[in-house]
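Colleague: I have a structure I would like to understand better, so I am pasting it below and will then ask my questions one at a time.
Any read-out appearing in this document is the output of simple, stated calculations on the displayed coordinates, not a laboratory observation. Computed from a predicted model, the values in this text were never measured in an experiment. Positions of Cβ are generated from backbone atoms using ideal geometry, with glycine treated the same way; all protein chains shown enter the neighbour counts.
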Amino acid sequence: MTPAAIPPAQRIITALDVENKAQALALVRTLDQAALFKVGLELFTAEGPSLLQEVQALGKGVFLDLKLHDIPNTVGEAARVGVRHGARMMTIHTSGGRAMMARAAETAGEEAAKRGIPKPILLGVTILTSLQNDDLASVGMTPDTAGQVLRLAALAKASGLSGVVCSAKEIEVVRKEVGPDFLIVTPGIRPAGADVQDQKRVMTPSLAVAKGSDYLVIGRPITQAASPSEAFAAIVRELETVR
Ligand code: C5P
């Protein structure tokens, strides 16, 4: 499927930022329109791989957001195990370099072929949105967040990853850099009128998709809504208006 052809409900990745399996699975059961759920460091550390199996047993896809960053062999083997656990999407820090990303793409592809399943989507994390120019300088990087994001997005593409995670404000420049077929996944999404919480730079779902984002990571506007399924359905309706 070309990125532009993704149906609206499948563009929404619901972030399961909850403390335990019971809360996570309750959300998964409620959101019957949803296709993909993000399990991050906190929930995975609390509940381990069995949670991933249970989400999949409910017919949903798992985005395993562990932001891997280590030597190529370690990241490659971790990506392989992620495929064994059935993860459809995984994240890797692009600053781990080309060999690390290439190895992960290779091992994930190998493992998927062995199992006769589609190759998972490996996404590169560029510069965390919690970092600013001063923070980059303090770790010896050029203090130019936008320039670094573009450089790392290009490196992720050249290394064989399928896409990147970036902030909504970077969608257009990254899209120009990577072309139409490389995936862009954006958090920091807030439907019009929603509480922005701790997100500083937010964008509505429809604007993010209109600017070129393929998938939207959305947590609290769905998970903390009075009716998560209604909140989800409202976002789908909003996305159906994007041409
Ligand atoms: O609740 P909210 O919609 O803000 O959740 C967004 C999700 O995206 C969280 O899981 C958060 O960790 C993740 N994320 C983010 N900003 C980034 C990277 C990831 O908000 N730059």
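Colleague: Residues of the range 39-61 being assigned to a helix (DSSP H, G or I), touching a Lys or Arg at 6+ places or on another chain (Cβ under 7 Å) and closer than 19 Å to residue 217 by Cβ, which ones?
Modeller: 51
Colleague: Considering only the range 73-90, I want to know if a residue exists there that is part of a loop (DSSP other than H, G, I, E, B) and within 16 Å of the ligand (Cβ to nearest atom).
Modeller: Yes; the residues of the range 73-90 include at least one that is part of a loop (DSSP other than H, G, I, E, B) and within 16 Å of the ligand (Cβ to nearest atom).
Colleague: Any chance you could count how many residues in the range 136-172 are over 24 Å from residue 210 (Cβ atoms) and among the β-branched types (Val, Ile, Thr)?
Modeller: Of the residues in the range 136-172, 2 are over 24 Å from residue 210 (Cβ atoms) and among the β-branched types (Val, Ile, Thr).
Colleague: Looking only at the range 26-49, how many residues end up being touching a residue at least 24 places away in the same chain (Cβ under 8 Å), out of contact with any Leu (no Cβ under 7 Å at 6 or more places or on another chain) and surrounded by fewer than 21 Cβ atoms within 10 Å (Cβ to Cβ)?
Modeller: 10
Colleague: Just name the residue that is surrounded by the most Cβ atoms within 10 Å (Cβ to Cβ) out of those in the range 185-226 that are among the β-branched types (Val, Ile, Thr) and over 21 Å from residue 40 (Cα atoms).
Modeller: 209
Yes/no per residue for (1) under 19 Å from residue 66 (Cβ atoms); (2) in contact with a helix residue (DSSP H, G or I) (Cβ under 7 Å, 6 or more places away or on another chain):
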site: 123; (1), (2): yes, no
site: 132; (1), (2): no, yes
site: 136; (1), (2): no, yes
site: 139; (1), (2): no, no
site: 148; (1), (2): no, yes
site: 154; (1), (2): no, yes
site: 166; (1), (2): yes, yes
site: 174; (1), (2): no, yes
site: 179; (1), (2): no, no
